[in-house]
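The values are calculated or read from the model by the stated rules, or taken from the named source; none is laboratory data. Being a predicted model, the structure only gives us computed values, none of them experimental. Backbone-built Cβ (ideal geometry, glycine too); neighbour counts: all protein chains shown.
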Amino acid sequence: MLRGDARGRVPDWGGGHSGRSGRRRRRPCCRGDAGLSICRGFQTEKDSLRSLTVSTMIHSLFLINSSGDIFLEKHWKSVVSRSVCDYFFEAQERATEAENVPPVIPTPHHYLLSVYRHKIFFVAVIQTEVPPLFVIEFLHRVVDTFQDYFGVCSEPVIKDNVVVVYEVLEEMLDNGFPLATESNILKELIKPPTILRTVVNTITGSTNVGDQLPTGQLSVVPWRRTGVKYTNNEAYFDVIEEIDAIIDKSGSTITAEIQGVIDACVKLTGMPDLTLSFMNPRLLDDVSFHPCVRFKRWESERILSFIPPDGNFRLLSYHVSAQNLVAIPVYVKHNISFRDSSSLGRFEITVGPKQTMGKTIEGVTVTSQMPRGVLNMSLTPSQGTHTFDPVTKMLSWDVGKINPQKLPSLKGTMSLQAGASKPDENPTINLQFKIQQLAISGLKVNRLDMYGEKYKPFKGIKYMTKAGKFQVRT
Amino acid sequence: MSSNSFAYNEQSGGGEATELGQEATSTISPSGAFGLFSSDMKKNEDLKQMLESNKDSAKLDAMKRIVGMIAKGKNASELFPAVVKNVASKNIEIKKLVYVYLVRYAEEQQDLALLSISTFQRALKDPNQLIRASALRVLSSIRVPIIVPIMMLAIKEASADLSPYVRKNAAHAIQKLYSLDPEQKEMLIEIIEKLLKDKSTLVAGSVVMAFEEVCPDRIDLIHKNYRKLCNLLVDVEEWGQVVIIHMLTRYARTQFVSPWRQGDVLEDNEKDFYDSDEEQKEKADKRKRPYAMDPDHRLLIRNTKPLLQSRNAAVVMAVAQLYWHIAPKSEAGIISKSLVRLLRSSREVQYIVLQNIATMSIQRKGMFEPYLKSFYVRSTDATMIKILKLEILTNLANEANISTLLREFQTYVKSQDKQFAAATIQTIGRCATSITEVSDTCLNGLVCLLSNRDEIVVAESVVVIKKLLQMQPMQHGEIIKHMAKLLDSITVPVARASILWLIGENCERVPKIAPDVLRKTAKSFTSEDDLVKLQILNLGAKLYLTNSKQTKLLTQYILNLGKYDQNYDIRDRTRFIRQLIVPNEKSGALSKYAKKIFLAQKPAPLLESPFKDRDHFQLGTLSHTLNTKATGYLELSNWPEVAPDPSVRNVEVIELAKEWTPAGKAKKENPDKKFYSESEEEEDSSESSSDSESESGSESGEDEEDDRSGDSAEDSGESGSEPEAGKGRAATRSRARGRGDSKDVDKEKENSKTSESSSGESSSIEESSSDSESESESESESESRKVTKVSTPVFVPGKTHVLLHRMSGKGLAAHYFFPRQPCIFGDKMVSVQITLNNTTDQKIENIHVGGKKLPMGMQMHVFNPIESLEPAGSITVSMGIDFCDSTQTASFQLCTKDDCFSVNIQPPVGELLLPVAMSEKDFKKEQGMLSGMNETSTTIIAAPQNFASSVILQKIVNVANVGVVPSGQDNIHRFAAKTVHSGSLMLVTVELKEGSTAQLIINTEKTVIGSVLLRELKPVLSQG
């Protein structure tokens, strides 16, 4: 109570002390307070003093959860007061939705660059000109690393592993400049926590921190650690293609393109040198590689030749955009109508297979953001389950497999707000689906060879097609 | 009271104050009321105890909790003394966490932080490079001004560290020190200059970063490293790539001429239109002159292209902006595909990339037209992404695609995201003005939207229609009437104001409606928004002037209302209008012109892209994103009219000369060098060789001095320098000879040779052969010369080293070995034999040496390309490498027809020698001259059988290419050699002592090589 009083009387300029509630700072009474302006003035002076000297790339990092609490902060140089996040909170309030918060927010003395993932804002504070993508890409890399280390990246997990998080961040940035961002190297420097290791560490007193410079750092293959040993040597490649499409009302395709990736899980002993060749490499329109791929070889022979990192990694992502190459595997028949006079609307959709090359379409889900005027929906699906959230107006229908003999459909009525005029736009339908054992572009791996090591690895290739951003306008 | 002091604490602490409560508690009221705080204090007590315990696990736990506190932003500064004690902990994790703590709080507790410094100083000398590096990292992160000198010293040392990882950290430390104390700038620039020469890909990115922070204006430091940076770029880590590319973009804009053809500029720049005919002609002349791109400019453009394929969006963007800013316009097109690819990644990346595309698409529509559909909006996009996409679609709109686009826009207008729908309406307006063919269609469409149910849509349409009508002063009475009707229903102030303005402006075209509108609004005047009130006043004034009969009273009523309005803007405007339009005795000359003032022809507003003028910021920068100049933004300079001298980037000539100048004599010989390298190079080379011959041939110093000074006097007559210089030089020479230092002469020759290295290698080989001749000639005369006679190697070890493993060479295997023969390519080179094997089942064609990455001063004579190598065939070729008497690695690329493999040769120190035959007497005499600093020795302990003379001989010659000196004593073995490059003597003595020990002594001027050799010989001799 007393503490509360003290807070109430002292404007919260110095920022950041504390922590229990980051939101408190957002109370408007703190602004425009006489005390505040004095304090701000002081801070400005301090800041301008600092800006005399050159600063660094990424100054500080704040992790902010969806309720607006700063639950982790890390500074690579002088401490930047938490109050700098006020500008972020302001922008957040203005944006109403999390994903509309601008990624770059200027403040009088700093710039806030943020990414939003897993319901957490990662806010980097910088002071001088820097390519914004540099910072954004790095923040994404941080999130990827956390995910890699802890399996999931969420507030409780980060709080539980705060020491490892700190150690990792310390290695990833030096003075605001990225130092080690390859997951293979980081894992040698700081071992990810596992239950077994925690137990062992408690007993033996050993640590998670490696004391030798990872060999990869200095070698020509910085992405691979040395001395890798497996009893079962295996290399798996997943060719995953996502179809991005916009289908218009009448069912014709407005845009369609395929975004493909080849994700690999390679567990091979020693220093294997792999080559992967395709039956139809010309299909790949625009590619981007993991740094391990030898670019020259690709240019000249259209063969992927690389010494793989250890473990999971994305070997390649590609793009097939020529529209006639993109087969659309599903169609949606829809009949959604609102009538001006009545407070009831008709709703009916049917999903069916189109060009599937004889494969089954599974994992189908249909989601749609209904107009605000819709109060409730009473629908009956021929298969699967559906839900409608009357608050967010989100309809989702989990269809499952499509049986071509008996097409799944969802029919029923919508009850509309009485007296309100009919919504002028019909909702768009977003589709999710999966097709196993098929790369819709027709891409096929020809062969995978290994050089440099004597043993015979187990090799596997899997194909899958998924819906990416697949929208049907109604 | 208590709360006040609490507040005070918060201010003075300047941070993280939940825990600060403790202090307040302890000073003011230690009793009951502050239970919460005292428990906090207890917790810290308990942390202190844990830190002081001697169990590592307890310490670790404590540290982990403390780091947790730091992470939450709580204050843990009072634990500083307890924590800092553990800085020397053996447990590496504790140590790391202490580092984390130290870096966080050292600034606040400077005195205590100093306690930890000595630990880091010790760690800086640790054999483990990781520990050296992290010690430097932490030391440089402690922001305590007192330790600036220590940091400086540490950085200097680390920048010369053998480990590239440590050097990388040194580059980072430079920035930290600079921000701590900018006064150190000059010294730091020196270190940066040194590190820029570093060939490690690990260092390149970091040092360029340091360069950008400390001295971005010192573009001259880049010249010599430009080509190297371009070539290394692909192998640098991705973050470094971004920094280097941005720096090189700036560099290119200052060093090369514009690759954009004059014609392009003409299109962009309308000023040329007004140029007089003569100027035009001049321009045309200029244009005719073919533009040839500087090869260095081309190099940069070519070497960055593969990076467009990077998985890192920042790298792709960096390359894209490089192409945009420095590539010929015809080539910039290739970036669009990669940028469009980035649109698949996260929202934040899309945001930045779309902004940049928006700027680009204004200037060069064609680049992104093929990707038009990639910018179609999805209902799931974030609003800011939608609006940026819309912006790009507008920029790309043209006669051909406008109908498709308008259809697409129709969908967008109906979007549930009203902000987006409003933006779409604006867009339609812009399309209507830019593409005249569709302006009517657009206008009709917008008018249809006026009957939309959503008010925001209607309001936006009104505003846009207003702008469109203003631009087309035709008869649009119908539309205006329609809009006048809307006034009854619409409530959005901007829209109402727009309608009123429109009616006022066109009041003569709608003479019946306008007064009626005025009547209606006069009724609602008091409840209108300020914006609307102003327009009502305007409307009234305009009607008063055109139709005073009907509206006089109404207007006066409104003016009276406005007079007492709450808003002073409105009161002001009312007063102004009244004076202007209502004639009274006070009104001046202005009221005569009232009609002209109010009903003047207003210029139509220009609907243009908000990205229009963003292109003056470099793309991909923060400033571009914000559209304001960010702190520290560096302007991209315009292309120079005339390219600065491109030869500044020529590396070899300058650097070799510098490197080869013997350190002690550098100053003295500098004028010489210049002297030679000026005008008469050709003449000079022949001259210098004749010089040296005459020198070595003639016996009398006197004679020669005359000769030389005469000689140089002649020279100086030609080149215009003072005759004294020549004399002085001659004097130096004769003095040097007087000391009996024969090597000096060689060095002189080298210098002259270097300065003319452009004259080609063949000539230098000839010359060197003449050199060796002269050497052997002079042998008889000068005693000191005798000792350097090269003998045949005693033993040639057959050991081969792998140059290229067949696995990494795709079947091409290469081994090398040192044949220990004097090299035929140059007397300063070590000969290396390379055996190439083809292990594939196909012919390997065109095996040759590709790009060389040699440390400064090193030279390499490559083998002739091998046309083809049959399957299972093998071939041996020889090369010569001048290692400059160092064990630095010679890296080069071994290329076949299809591939290039990076390989390197690191010579064992023993192979940098050539055996020398000399007598025991000479040996002792030379040894006597090479004592003190030039002597290194060590004691060896080994089993007696290892000290048999044959064993020792065998072992030593196996390691080093030395000659045996016949010895008179059984217990002393002597070996002599000279270094290949500089010809310094290398004398090795093994003296057997009592009790299976021996003394190993090495005397040489080249102390570095001496000590390395000593280190290598020691284990060989000791082991059995």
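Residues are listed down the side, and each one gets a yes or a no for (1) part of a loop (DSSP other than H, G, I, E, B); (2) surrounded by fewer than 20 Cβ atoms within 10 Å (Cβ to Cβ); (3) at pLDDT 85 or above; (4) among the polar types (S, T, N, Q):
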| site | (1), (2), (3), (4) |
| --- | --- |
| B:ALA541 | no, no, yes, no |
| B:GLN556 | no, yes, yes, yes |
| B:PHE576 | no, yes, yes, no |
| B:LEU590 | no, yes, no, no |
| B:LYS596 | no, yes, no, no |
| B:PRO610 | yes, yes, no, no |
| B:SER623 | no, no, yes, yes |
| B:GLY632 | yes, yes, no, no |
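Between B:VAL316, B:VAL340, the distinction of being assigned to a helix (DSSP H, G or I), surrounded by fewer than 23 Cβ atoms within 10 Å (Cβ to Cβ) and in contact with a Ser or Thr (Cβ under 8 Å, 6 or more places away or on another chain) belongs to B:VAL340 only.
Residue by residue, here is whether (1) modelled with pLDDT of 90 or more; (2) on the phi < 0 side of the Ramachandran plot; (3) assigned to a strand (DSSP E or B) holds:
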residue	(1), (2), (3)
A:GLY270	no, no, no
A:SER337	no, yes, yes
A:SER341	no, yes, no
A:GLY345	no, yes, yes
A:THR360	no, yes, no
A:MET377	no, yes, yes
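Here B:ALA154 fulfils each of the conditions (1) in contact with a Ser or Thr (Cβ under 9 Å, 6 or more places away or on another chain); (2) of a type in the set (A, V, I, L, M, F, W, C); (3) at pLDDT below 85 apart from (3).
Select from the range A:343-379 the residues that are polar (S, T, N, Q) and in contact (Cβ under 8 Å) with a residue 40 or more places away in the chain and list them in ascending order. Lay out the reasoning, then the answer.
The first filter runs over the range A:343-379 and keeps only residues polar (S, T, N, Q), leaving A:343, A:350, A:355-356, A:360, A:365, A:367-369, A:376, A:378.
Hits for the range A:343-379 are A:SER343, A:THR350, A:THR356, A:THR360, A:THR365, A:THR367, A:SER368, A:GLN369.
Reported count of residues in the range B:90-140, each being among the polar types (S, T, N, Q), more than 27 Å from B:LEU162 (Cβ to Cβ) and more than 10 Å from every other protein chain (Cβ to nearest Cβ), is 2. Counting only residues that are touching a residue at least 60 places away in the same chain (Cβ under 8 Å), part of a helix (DSSP H, G or I) and not acidic (Asp, Glu), the range A:74-91 holds 5 of them. With respect to the conditions (1) surrounded by 14 or more Cβ atoms within 10 Å (Cβ to Cβ); (2) free of Cβ contacts under 8 Å to residues at least 40 places away in the same chain; (3) of a type in the set (Lys, Arg); (4) more than 14 Å from chain B (Cβ to nearest Cβ), A:LYS393 falls short on a single one, namely (4). Counting only helices (runs of 4 or more DSSP H) that sit completely within the range B:89-160, those holding 3 or more residues that are crowded, with 22+ Cβ neighbours inside 10 Å and either of a type in the set (Lys, Arg) or at negative phi (or both) correspond to B:92-105, B:129-141, B:148-159.
Restrict the check to the range B:324-332 and report whether at least one residue is surrounded by fewer than 18 Cβ atoms within 10 Å (Cβ to Cβ) and without any contact (Cβ under 8 Å) to a residue 60 or more places away in the chain. Yes, there is a match, as at least one residue in the range B:324-332 is surrounded by fewer than 18 Cβ atoms within 10 Å (Cβ to Cβ) and without any contact (Cβ under 8 Å) to a residue 60 or more places away in the chain. As a summary of the residue check, A:VAL320 satisfies the conditions (1) aliphatic (A, V, I, L, M); (2) within 11 Å of chain B (Cβ to nearest Cβ); (3) under 20 Å from B:ARG344 (Cβ atoms) except for the one numbered (2).
Each residue in the range A:274-299 was checked for being out of contact with any Asp or Glu (no Cβ under 6 Å at 6 or more places or on another chain) and within 12 Å of another protein chain (Cβ to nearest Cβ), and 17 pass.
Take B:GLN927 and tell me if it is surrounded by 14 or more Cβ atoms within 10 Å (Cβ to Cβ), of a type outside the set (Phe, Trp, Tyr) and more than 20 Å from B:LEU1017 (Cβ to Cβ). Break it down stepwise before answering.
On the way: surrounded by 14 or more Cβ atoms within 10 Å (Cβ to Cβ): yes; of a type outside the set (Phe, Trp, Tyr): yes; more than 20 Å from B:LEU1017 (Cβ to Cβ): no.
No; evaluated as a whole, the condition is false for this residue.
Selection of the range A:99-115 for residues being within 15 Å of B:THR621 (Cα to Cα) and facing chain B (nearest Cβ under 7 Å) yields A:PRO103, A:VAL104, A:PRO106, A:TYR111.
On inspection, B:LYS602 fails the criterion of being in a helix (DSSP H, G or I), under 23 Å from B:GLY477 (Cα atoms) and touching a residue at least 40 places away in the same chain (Cβ under 8 Å).
When the range A:116-136 is filtered for residues that are at the interface with another protein chain (Cβ under 7 Å from one of its Cβ atoms) and free of Cβ contacts under 8 Å to residues at least 40 places away in the same chain, the ones remaining, listed by number, are A:GLU129, A:PRO131, A:PRO132, A:LEU133, A:ILE136.
Any residue at all in the range B:865-883 that is on the phi < 0 side of the Ramachandran plot, touching a residue at least 24 places away in the same chain (Cβ under 8 Å) and within 29 Å of the chain's Cα centre (by Cα)? Looking through the range B:865-883, none of the residues is on the phi < 0 side of the Ramachandran plot, touching a residue at least 24 places away in the same chain (Cβ under 8 Å) and within 29 Å of the chain's Cα centre (by Cα). Across the range A:141-157, the number of residues qualifying as out of contact with any strand residue (DSSP E or B) (no Cβ under 6 Å at 6 or more places or on another chain) and within 12 Å of chain B (Cβ to nearest Cβ) comes to 2. With respect to the conditions (1) assigned to a loop (DSSP other than H, G, I, E, B); (2) of a type outside the set (A, V, I, L, M, F, W, C); (3) over 27 Å from B:VAL166 (Cβ atoms), B:PRO81 lacks only one, and its number is (1). Quick one: which of A:SER305, A:SER300, A:SER277, A:SER288 is hydroxyl-bearing (Ser, Thr, Tyr), outside any strand (DSSP E or B) and closer than 23 Å to B:ASP899 by Cβ? So the residue among A:SER305, A:SER300, A:SER277, A:SER288 that is hydroxyl-bearing (Ser, Thr, Tyr), outside any strand (DSSP E or B) and closer than 23 Å to B:ASP899 by Cβ is A:SER300.
In the range B:984-1024, which residues are part of a loop (DSSP other than H, G, I, E, B) and of a type in the set (Lys, Arg)?
Within the range B:984-1024, B:LYS993, B:LYS1006 meet the criteria.
Elements of the type strands (runs of 3 or more DSSP E) sitting completely within the range A:92-196 and holding at least 1 residues that are more than 19 Å from A:VAL80 (Cα to Cα): these cover A:111-117, A:120-126. Listed by position, the helices (runs of 4 or more DSSP H) enclosed by the range B:231-306 that each have at least 2 residues that are modelled with pLDDT of 90 or more are B:238-255, B:295-304. Across the range B:360-375, the number of residues qualifying as more than 14 Å from every other protein chain (Cβ to nearest Cβ), within 20 Å of B:LEU308 (Cβ to Cβ) and surrounded by 17 or more Cβ atoms within 10 Å (Cβ to Cβ) comes to 3.
If you go through the range A:46-75 and pick out every residue that is among the charged types (D, E, K, R) and either at pLDDT 80 or above or crowded, with 22+ Cβ neighbours inside 10 Å (or both), you end up with 3.
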